[in-house]
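Here's the structure, in structure tokens; my notes come after.
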Amino acid sequence: MLDDILLFYTMRRLFAIQQLVLFLEFSSKRGDEYLFFPPDILEENEKIQEFYESYDAKRKARGLITKGVAPLKLKPFFTKRTYLTMKYGNLPMPANMAFCNDKMAVISWSDKPVGVLIKSKKIVEKQKEFFMSIWNAM
């Protein structure tokens with residue numbers, strides 16, 4: 001299977017990111033893992049987490065096992081999102097990344113958000129190993 005890279009960009013603020021999230025989860029099935037490092041943008045955290053919260057019910061309905069690793073200071077944004085399994089810490093960690101099956105999303109939250117979807121079994125396996133090393137260290 002060939003590796004793919006897709007760029008999601010549009011003048012409409014969230015449309016590109018909505019499409020990227022749908023592509024990331026496309027072809028997932030019950031029991032698949034959805035792993036993520038949330039964004040951490042001081043002025044935008046509440047708005048961004050409200051956006052992602054709207055996808056929690058969809059992931060739950062699909063039966064995805066959703067795990068996140070976040071800085072401790074972001075914990076208040078996740079307390080009511082009981083579907084998620086979260087771990088928090090003060091370790092240095094990346095932000096704005098999610099992994100599902102053989103796909104990885106990297107999102108830049110700005111006035112005009114842009115996202116990159118990478119479909120590569122080898123790249124995603126390494127990133128999942130990295131995620132789990134942080135997960136297990138917490």
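We did not get these values from a lab; they are worked out from the coordinates using the rules stated. The model shown is predicted, which means the values in this text are computed figures rather than measured ones. No Cβ is skipped: glycine too gets one built from the backbone with ideal geometry, and neighbour counts run over all protein chains shown.
Result for the chain in a Gaussian network model with C-alpha springs under 10 Å: among LYS119, LYS80, LYS29, the largest mean-square fluctuation is at LYS80. Label separation (LYS75 vs ARG62): 2.9 nm, computed from points 7 Å beyond Cα along the C-beta direction. If you plug the beta carbon distance of VAL114 and LEU22 into 1/(1 + (r/R0)^6) with R0 = 25 Å, you get a FRET efficiency near 0.95.
Take every pair of alpha-carbon atoms less than 8 Å apart whose residues are at least six positions apart; their mean separation over the length of the stretch 45-123 yields a relative contact order of 19 percent. How big is the antiparallel share of DSSP beta bridges in the chain, given as a percent to the nearest 5? About 70 percent, rounded to the nearest 5.
Computed FRET efficiency, Cβ-Cβ of GLU33 and ASN90, R0 25 Å: what is it to the nearest 0.05? Please report the intermediate quantities before stating the final value.
Working: r = 24 Å, r/R0 = 0.97.
With a Förster radius of 25 Å, E is 0.55.
In terms of overall dimensions, the C-alpha atoms belonging to the stretch 4-137 reach 35, 34, 29 Å along their principal axes, ordered largest to smallest.
For the chain, the relative contact order comes to 35 percent (Cα pairs under 8 Å, sequence separation of at least 6). Amide H contacts for LEU64 (H built 1.01 Å from N in the peptide plane; partners 5 or more residues away or on another chain; cut-off under 5 Å): GLY31.
At 0.36 nm per residue, minus the direct Cα-Cα distance, what do TYR83 and GLU125 gain on full extension? Give it in nm, one decimal, please. Walk me through the numbers before you get to the answer.
Working: separation 42, 0.36 × 42 = 15.12 nm, distance 2.42 nm.
Extra length from TYR83 to GLU125 when fully extended: 12.7 nm.
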